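The structure appears right after this line, and notes come after that.
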Amino acid sequence: MTAEITVRRMTPDDLASWRWLRRDGLTRFPGAFILSSDEYEARTDEAEADFLRDGLVHGVFDGTRPLGMAALRIMPFARARHRAEVGPFYVVPEAQGTGAADLLMEALVTHARELGVTQLELSVAADNPRAVRFYERHGFLQEGRLPNAVMMPEGPQTDLFCVRLL
């Protein structure tokens, strides 16, 4: 790692970095994402570029090397536009503990506030204590549990539903 860690919004020009990060996360931590590798691979480059075009994805980089990514998903209905879901959120293991994830979360929070979002929401696997601690450190409070949230090959996974008021 260099001291050149930066966070910025990702665009369709970042498609290769986005795809690499998504594949890396799905390969290393399949239980951390609701989307399976097969489902992700079925998505076209055009669909992924459209997702990046919305301007709701941030990336954290060491120079030009991608270290992580995170997305906001604004609720599509007028009565719920004050809410946004965080996810996917991923930082490569080599960059974990360097502050890269903190910078990424801070950028998401700042962007959410700029968009008028007052409530961030996310789901996290109950059996992922490192991620749970990270989100708690960033002000997310557990509001509920969702048993059988995701069916993994080894069995059902319980997710925690967490909220942060901005």
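Summary of computed values
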{"quantity": "Near pairs, Cβ below 9 angstrom, 6+ apart or cross-chain, from the range 96-119 (touching a residue at least 60 places away in the same chain (Cβ under 8 Å)) to any residue that is assigned to a loop (DSSP other than H, G, I, E, B) and open to solvent by 40 Å² or more (accessible area, probe 1.4 Å)", "calculated": "Thr98/Met1; Ala100/Met1"}
{"quantity": "Residue in the range 126-144 that is touching a residue at least 60 places away in the same chain (Cβ under 8 Å) and β-branched (Val, Ile, Thr) present", "calculated": "no"}
{"quantity": "Members of the range 42-91 found to be modelled with pLDDT of 95 or more, of a type in the set (Asp, Glu) and open to solvent by 10 Å² or more (accessible area, probe 1.4 Å), listed by number", "calculated": "Asp45, Glu46, Asp50, Asp62, Glu85"}
{"quantity": "Which numbered condition Leu122 misses (of (1) without any contact (Cβ under 8 Å) to a residue 40 or more places away in the chain; (2) touching a Cys at 6+ places or on another chain (Cβ under 6 Å))", "calculated": "(1)"}
{"quantity": "Residue check for Thr110: at pLDDT 95 or above and loosely packed, with under 15 Cβ neighbours inside 10 Å", "calculated": "yes"}
{"quantity": "Whichever residue in the range 120-166 is open to solvent by less than 40 Å² (accessible area, probe 1.4 Å) and charged (D, E, K, R) and, among such residues, is nearest to Arg73 (Cα to Cα)", "calculated": "Glu121"}
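The values are calculated or read from the model by the stated rules, or taken from the named source; none is laboratory data. Everything numeric in this text was worked out from a predicted model, so none of it was measured. So basically every Cβ, Gly included, is an ideal-geometry build from the backbone, and we count neighbours across all protein chains shown. Accessible surface areas use protein heavy atoms only, side chains included; no ligands, DNA or RNA. Shrake-Rupley method; radii C 1.70, N 1.55, O 1.52, S 1.80 Å.
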